[in-house]
Amino acid sequence: MPLTPSRMTELQSPLPTFRLPDAEGRLVGSEGYPNQPLLVIFMCNHCPFVKHLADALADFAREYQARGLAVVGINSNDFQAHPEDRPERMVEEARARGYTFPYLVDETQDVARAFDAACTPDFFLFDRRHRLAYRGQFDDSRPSHDTPVTGRDLREATDAVLADQAPSETQKPSMGCNIKWK
């Protein structure tokens with residue numbers, strides 16, 4: 001598994017539009033979140049970096065959705081080559097982890113390309129105007145470290161966005177498995 005950093009898209013970039021099915025076929029689109037901060041997470045089922053923080057991510061989503069943050073997860077991996085990332089397995093994963101956000105299937109990988117996503121997990125936090133406010137890591141923890149999973153970096157950025165403030169521009173890239181391109 002090659003360790004891949006996020007590409008650190010330019011802050012204030014506009015939210016790329018998307019309309020994708022969730023793992024059960026219901027369509028979810030970016031237009032469904034007008035004037036609402038939105039966190040887009042590129043993720044998958046099999047990546048050890050995602051697995052490492054998945055339970056904390058589920059807790060984070062529940063907490064911040066209650067405060068007004070919209071959250072979507074997007075799986076852009078080639079699930080033909082990686083069957084553990086197939087939509088039916090995404091449904092199982094979402095239920096097992098208690099994800100309260102839509103977990104979407106980007107089968108064409110067009111949405112990942114539009115975001116310039118590189119790894120799993122890859123976080124993109126947009127403010128109410130749908131301008132990129134944060135792109136970076138969840139926190140300093142990694143599967144091979146003893147550092148606890150806290151979500152500190154994403155929490156600080158999200159707290160700022162929810163207060164209609166700009167997060168610090170000092171942001172560390174996320175690290176994880178590369179997106180499995182077709």
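Run through the DSSP bridge list for the stretch 12-84 and note the antiparallel percent, rounded to the nearest 5.
40
Please report the accessible area of ARG7 (heavy atoms, 1.4 Å probe, ligands and nucleic acids excluded) in Å², nearest 10.
Near enough 130 Å² of accessible area.
Using label points projected 7 Å from each Cα along Cα→Cβ, tell me how many nm separate ASP140 and LEU3, to one decimal.
Label at ASP140, label at LEU3, 1.5 nm between them.
Label-point separation (nm) for THR150 and THR100, each offset 7 Å from Cα along Cα-to-Cβ?
Going by the 7 Å Cα→Cβ label model, 2.3 nm.
Using modelled amide H (1.01 Å from N, peptide plane; none on Pro or chain starts), what sits under 5 Å from the amide H of VAL71, excluding residues fewer than 5 places away?
LEU39
Once phi is turned into θ = phi - 60°, what whole-Hz ³J(HN,Hα) does the Karplus curve with 6.51, -1.76 and 1.60 give for every residue of the stretch 5-10, x standing for Gly and Pro?
Whole-Hz 3J(HN,Hα) from phi for the stretch 5-10: x, 5, 8, 6, 3, 4.
When the gyration tensor of the stretch 89-182 is built from Cα positions, what are the square roots of 5 times its three eigenvalues, in whole Å, from largest to smallest?
For the stretch 89-182, the ellipsoid semi-axes come out as 22, 18, 15 Å.
Using a cut-off of 18 Å between alpha-carbon atoms, which lysines can reach LYS51, once sequence neighbours fewer than 8 places away in the same chain are excluded?
LYS180
I'd like the accessible area for SER144: 1.4 Å probe, protein heavy atoms, all chains in place, Å² to the nearest 10.
Solvent-accessible area, nearest 10 Å²: 100 Å².
Could you sort GLU93, GLU63, GLU156 by their accessible area in this structure, using a 1.4 Å probe and putting the largest first?
Descending order: GLU156, GLU63, GLU93.
Looking at the stretch 1-140, what % of its DSSP beta bridges pair antiparallel, to the nearest 5?
Bridges in the stretch 1-140 are about 65 percent antiparallel.
In whole percent, and with a 1.4 Å probe on the protein chains, what portion of the accessible area of the stretch 40-112 is carbon and sulfur?
It is 47 percent, rounded to a whole number.
So, in nm, how far is label ASP59 from label GLN80 when the simple model puts each one 7 Å beyond its Cα toward the Cβ?
Spacing of the two 7 Å Cα→Cβ label points: 4.0 nm.
Given only helices, namely DSSP H runs of n ≥ 4 each adding -39500 (n - 2.57), what is the per-residue ellipticity at 222 nm of the chain, to the nearest 500 deg cm²/dmol?
Rounded to the nearest 500, the figure is -8000 deg cm²/dmol.
With a probe of 1.4 Å, find how much accessible area the chain has per residue, and write the answer as a whole number in Å².
45
Taking only C-alpha pairs under 8 Å that are 6+ residues apart, what is the relative contact order of the chain in percent?
34
Take every Cα pair under 8 Å in the stretch 1-78 that's 6+ residues apart, average their separations, divide by the length, and report that relative contact order as a whole percent.
Relative contact order, the stretch 1-78: 30 percent.
Report the calculated FRET efficiency for LEU27 and ASP159 (r = Cβ-Cβ distance, R0 = 41 Å), to the nearest 0.05.
0.85
The values are calculated or read from the model by the stated rules, or taken from the named source; none is laboratory data. Everything numeric in this text was worked out from a predicted model, so none of it was measured. Note that we place each Cβ from the backbone using ideal geometry, even for glycine, and neighbour counts take in every protein chain shown. These accessible areas exclude ligands, DNA and RNA; they are computed on the full protein's heavy atoms, side chains included. Shrake-Rupley method; radii C 1.70, N 1.55, O 1.52, S 1.80 Å.
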